[in-house]
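Colleague: I am attaching a structure below and will ask some questions about it afterwards.
The values are calculated or read from the model by the stated rules, or taken from the named source; none is laboratory data. Since we're looking at a predicted model, the values are computed, not measured. Backbone-built Cβ (ideal geometry, glycine too); neighbour counts: all protein chains shown. Keep in mind that these areas ignore ligands, DNA and RNA; they rest on the heavy atoms of the full protein, side chains included. Shrake-Rupley method; radii C 1.70, N 1.55, O 1.52, S 1.80 Å.
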Number of protein chains: 2
Amino acid sequence: MEGQKNLSSPAFKEPVHVGRPNLPDRKVFDRYIQSIFDSRWLTNNGPLLRQFKEKLQDYLEVKNVIPVCNGTIALELAERALGFQREVVMPSYTFIATAHSLRWQQITPVFADIQHKATTLAPKSARNAITEATSGIIGVHVYGHPCDHSALKAIAMERSIPLLYDAAHSFGCEVDGIPAAKLGDASVFSFHATKFFNTFEGGAITTDDDDLAEKVRLMNNFGFAGREKDKVDYLGINGKMSEISAAMGLAMLDSVESIRNRNRENYSAYADSFSSVPGLELIEPPASLTRNNWQYVIFRVNKAGITRDNLAQALERENILVRKYFHPGCHRLVPYCSEPSSLRVSLAETEALSDAVLSFPTGQAVNPDMIEKIANVTAEIIERNCG
Amino acid sequence: MEGQKNLSSPAFKEPVHVGRPNLPDRKVFDRYIQSIFDSRWLTNNGPLLRQFKEKLQDYLEVKNVIPVCNGTIALELAERALGFQREVVMPSYTFIATAHSLRWQQITPVFADIQHKATTLAPKSARNAITEATSGIIGVHVYGHPCDHSALKAIAMERSIPLLYDAAHSFGCEVDGIPAAKLGDASVFSFHATKFFNTFEGGAITTDDDDLAEKVRLMNNFGFAGREKDKVDYLGINGKMSEISAAMGLAMLDSVESIRNRNRENYSAYADSFSSVPGLELIEPPASLTRNNWQYVIFRVNKAGITRDNLAQALERENILVRKYFHPGCHRLVPYCSEPSSLRVSLAETEALSDAVLSFPTGQAVNPDMIEKIANVTAEIIERNCG
């Protein structure tokens, strides 16, 4: 009976997604498009790209921003510019792109664990994963929750290796009062459609180091040193962000605080509505996150009387498309799961969290009323399974 | 007096560029943008991307088209999917991206020469550059002028190595009656802003091999095998084309034949107007190019009484921004110029052509009247220098 009911009428008529894209004001976006048609300048460091870069430098409070076609290519460029090679230590608990960006360049990612009761790289585990072959560390601010940046900086300095942050989730975040974009030797942001702030596809490298920034800029355009394409200073690729993505970014900047507010409201609604749902524990941001964009709502499913996977499936039948971010951890995925060189330390905390985690829908397309309904549906599913 | 005149009033008030972008009908483009705002689907194999892919498969007459964020990333993906490693033989006479896409993945490009009186890879030279370490061949249809595909295919089969074509210039071209997209094991197109057909930034991999296409598709989205991101089949990156670039591509497809016609008119105007200009020889497409997009106008500067570089500078002062495509050849650029492993055979023809070549403005933004003026200005410069 239950099954039949669900098949015929899910709780939501339309799917409710995690990461349904946020959109800017259409009229603002159209004005930028008109300027592209007027100038016939479609890419290659055009006027909108330069304007976007300047505005991002202000907004992210960092000396250099290099906008790039997507976050993965941004990682590749930052890694190459920082001289990464042979081995790099990084958390397994992250999106696979962090690992793939290294491996694509024939660098071996060596996975370290996350901290107990947190979502980010454990400095002690990172230290244990380092060998003579280690050329750098990547910290990932998972869900915008910041790494222990002081401890990681101390390790990087002690070993004289660069420290890169994957800040894909950290747009507009501050850590202990410091803008996220300023941490480490460089940071990489993602402006992918599903992110808090998007440029369709996109990303950026941020750094206060002018020399590093210049190196990334050249590498981002085939290493060309000038307009005439007969001088190359570095090996490089094409990572350029087009004018239309810059246009989207400029338009989105106008909406970013209203989206942040919506996310904060949604987060509070989840905290309220789910307080009485047994077995789901909301993962709260750490105190060090002094400014948050609230773009992720993450629960730990634990003693709910239903497995995380079964709960996810039951919610999906109700058109609530929760996601297992980040299951199962990079170290349990191809090709790393069969590569001993990537596996050196215990990843027990990573496995425990990735087997319990569930990400719920938020953003512009979600509101507190919907969240109350999501909580009720979740509670019903759990009750049904315990009963 | 001449110098003063030039400084105060160049022949053209506004710069006339090589590769000024072609644009689609704004209204057609706007309709696609509206559909993006309606669906809130901004990337990740969205409805426009799928429509664009289908239309490209028809237009390019090939079984599989995988649209990608740019041509360089498309090259990287094709090379990786074809199993390229260690060494790959390719012409030095090409845009640096062909070489960089290999080297970024730690593969050594080994440069071969072009044919005498042609612009493309010399099969004999390619064969001489092959060793036991060679894992593949890349042919480049420079200016859309096709490689000797029968001879290259024979070499690839004899050595049992894959053959990839860099078809960045070949959109809508046919070679001996065969669509360019069908040649080799795979081909890579560029839809960069400056190309005949553009998607702001973009590119595509084409192949008639369904298994190879599926591999590329997975690699283009981090190797994910399904919607749930907990199964990875391959190492991959993010090469995805966004919905807005697909929208541009769809809109451009409506204009592509009118742009081809304009290019053909422009080419004829150059042939007529420059027939009486001494020292500039128009490089004509070979007979094997049975369908051309006419997107490049290339001259060989020879016995003009002025060096190629001085002629280029003089034209630039008149706001005619000619380009030295492709000077100086990959083998004379960083990092390859100092890497003996890349240099194995004579590149005399490459050096001769790259030291003489000059590319002139064409496309939507150029018309036959402007070309007549360009020819007159060029003739004047040459006369002045001989006088």
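Colleague: May I ask what percent, to the nearest 5, of DSSP beta bridges between residues of region A:84-222 are antiparallel?
Modeller: Counting only bridges with both partners in region A:84-222, antiparallel ones make up about 30 percent.
Colleague: In nm, what is the difference between 0.36 nm times the number of residues separating B:S268 and B:N45 and their Cα-Cα distance?
Modeller: 76.2 nm
Colleague: Given a cut-off of under 8 Å on Cα pairs at least six residues apart, what relative contact order in percent is computed for chain B?
Modeller: 24
Colleague: In degrees between 0 and 90, to the nearest 10, how far off the longest principal axis of chain A does helix A:71-81 point, with axes built from Cα atoms?
Modeller: Approximately 40 degrees, to the nearest 10.
Colleague: A further question on this structure: What average count of beta carbons from other chains do you get within 10 Å of the Cβ of residues in B:94-105?
Modeller: 4
Colleague: Using a 10 angstrom cutoff on alpha carbons, build the Gaussian network for chain B and name the most mobile of B:G71, B:G83, B:G239.
Modeller: Sorting by GNM fluctuation, first place goes to B:G83.
Colleague: Further question on the same structure: Rounded to the nearest 10 Å², what accessible area does B:K231 have for a 1.4 Å probe in the complete protein model?
Modeller: Surface accessible to solvent at B:K231 totals approximately 110 Å².
Colleague: Work out, step by step, the length gained on full extension between B:Q106 and B:N302: first 0.36 nm times the residue separation, then minus their alpha carbon distance; give nm to one decimal.
Modeller: This chain segment gains 66.7 nm when fully extended.
Colleague: Taking the label point as lying 7 angstrom from Cα along the Cα-to-Cβ axis, what are the distances from B:D211 to the corresponding position in the remaining copies, in ascending order and in nanometres?
Modeller: 5.0
Colleague: Would you mind computing, in nm to one decimal, how far apart the modelled labels at B:E61 and B:A154 are, each placed 7 Å from Cα along Cα→Cβ?
Modeller: Between B:E61 and B:A154, the simple spin-label model gives 2.4 nm.
Colleague: Short version: what are the Cα gyration tensor semi-axes of region B:26-252, square root of 5 times each eigenvalue, largest first, in whole Å?
Modeller: 30, 20, 14
Colleague: Dipole size in debye (nearest 20) for chain A around its Cα centre, Lys and Arg Cβ +1, Asp and Glu Cβ -1?
Modeller: 460
Colleague: What's the angle, to the nearest 10 degrees (0 to 90), between helix A:243-273's Cα axis and the longest principal axis of chain A?
Modeller: Value to nearest ten degrees: 30.
Colleague: Before anything else, pin down the relative contact order of region B:26-252: Cα pairs under 8 Å, at least 6 apart, normalised by residue count, whole percent.
Modeller: 27
Colleague: Another question, if that's okay. Kindly compute the accessible surface that chains A and B hide from a 1.4 Å probe when together, both sides summed, and give it to the nearest 100 Å².
Modeller: What A and B bury together is about 6300 Å².
Colleague: Please check region B:25-44 for residues whose accessible area, probe 1.4 Å, is lower by 30 Å² or more when all protein chains are in place than in their chain alone.
Modeller: Flagged in region B:25-44: B:R26, B:I33, B:F37, B:R40, B:L42, B:T43.
Colleague: For region A:1-146, what's the relative contact order in percent, using C-alpha pairs closer than 8 Å and at least 6 residues apart?
Modeller: With pairs under 8 Å counted, the relative contact order is 18 percent.
Colleague: Counting partner chain Cβ atoms within 10 Å of every residue's Cβ in A:266-274, what's the average?
Modeller: Across A:266-274, the average partner-chain Cβ count within 10 Å equals 0.
Colleague: Filter the GluC sites (Glu not before Pro) in region A:126-230 to those in DSSP coil with at most 14 other Cβ atoms within 10 Å of their Cβ, and list the result.
Modeller: Here the sparse-neighbourhood loop sites are A:E132, A:E228.
Colleague: Suppose you put the label 7 Å out from Cα in the Cβ direction; list, shortest first and in nm with one decimal, how far B:S338 is from each other copy's label.
Modeller: 4.0
Colleague: So, for chain A, what is the accessible surface per residue at a probe of 1.4 Å, expressed in square angstrom?
Modeller: Spelled out: the 1.4 Å probe surface of chain A, per residue, equals 37 Å².
Colleague: A further question follows. Past 28 Å, Cα to Cα: identify those pairs from B:K27/B:K373; A:K55/A:K240; A:K27/A:K55; A:K215/B:K324, in the order given.
Modeller: Beyond 28 Å between Cα atoms: B:K27/B:K373.
Colleague: With both bridge residues required to lie in the protein assembly as shown, what share of the DSSP beta bridges run antiparallel, to the nearest 5%?
Modeller: 60
Colleague: Assuming R0 = 35 Å, what is the FRET efficiency of A:T290 and B:I178, from their Cβ-Cβ distance, to the nearest 0.05?
Modeller: That gives a FRET efficiency of 0.05.
Colleague: Can you give the Rg to Rh ratio of the protein assembly as shown, both from alpha-carbon atoms, with Rh computed by the Kirkwood formula?
Modeller: A ratio of 1.00.
Colleague: If I fit a long axis through the Cα atoms of helix A:26-39 and take the longest principal axis of the Cα atoms of chain A, what angle between them do I get, 0 to 90°, rounded to 10?
Modeller: For A:26-39 against chain A, the angle is about 20 degrees.
Colleague: Here's another thing I want to ask about it. Measuring label to label, 7 Å along Cα→Cβ, what does B:D233 give against each other copy in nm, shortest first?
Modeller: For B:D233, the other copies' label points sit at 4.2 nm, shortest first.
Colleague: Please turn the phi angles of region B:341-353 into ³J(HN,Hα) values with the Karplus equation 6.51 cos²θ - 1.76 cosθ + 1.60 (θ = phi - 60°), one per residue in order, whole Hz, x for glycine and proline.
Modeller: 5, 7, 10, 10, 10, 5, 10, 4, 5, 4, 5, 5, 5
Colleague: Run the simple label-point estimate for A:F12 and B:N310 please: 7 Å along Cα→C-beta, distance reported in nm.
Modeller: 7.1
Colleague: Multiply the residue gap between A:R317 and A:A352 by 0.36 nm, knock off their C-alpha separation, and tell me the result in nm, one decimal place.
Modeller: 10.0 nm is the gain from fully extending A:R317 to A:A352.
Colleague: A:F37 to A:T131: FRET efficiency via 1/(1 + (r/R0)^6), r the Cβ-Cβ distance, R0 60 Å, to the nearest 0.05?
Modeller: The value I calculate is 0.65.
Colleague: Any idea what the dipole of region B:26-252 comes to, in debye rounded to 20, about its Cα centre with Lys/Arg Cβ at +1 and Asp/Glu Cβ at -1?
Modeller: Dipole of region B:26-252, to the nearest 20 debye: 460 debye.
Colleague: Right, next: Kindly give Rg over Rh for chain A, based on alpha-carbon atoms, with the Kirkwood expression for the hydrodynamic radius.
Modeller: In chain A, Rg relative to Rh is 0.99.
Colleague: Continuing with this model, one more query. Averaged over peptide B:70-81, how many Cβ atoms belonging to another chain are found within 10 Å of each residue's Cβ?
Modeller: For peptide B:70-81, the averaged partner shielding equals 3.
Colleague: For A:R317, tell me the accessible area in Å² from a 1.4 Å probe, rounded to the nearest 10.
Modeller: Counting only protein heavy atoms, the figure is 120 Å².
Colleague: Quick one: with all protein chains in place, what share of the accessible area of the protein assembly as shown is carbon or sulfur, to the nearest percent (1.4 Å probe)?
Modeller: Solvent-exposed carbon and sulfur of the protein assembly as shown make up 48 percent of the total.
Colleague: Any idea how far the Cα center of region A:266-325 sits from the one of region B:47-119, in Å?
Modeller: 43
Colleague: In addition: Using only the heavy atoms of the protein chains and a 1.4 Å probe, how would A:R26, B:R50, A:R86 rank by accessible area, largest first?
Modeller: Highest to lowest solvent-accessible surface, that is A:R86, B:R50, A:R26.
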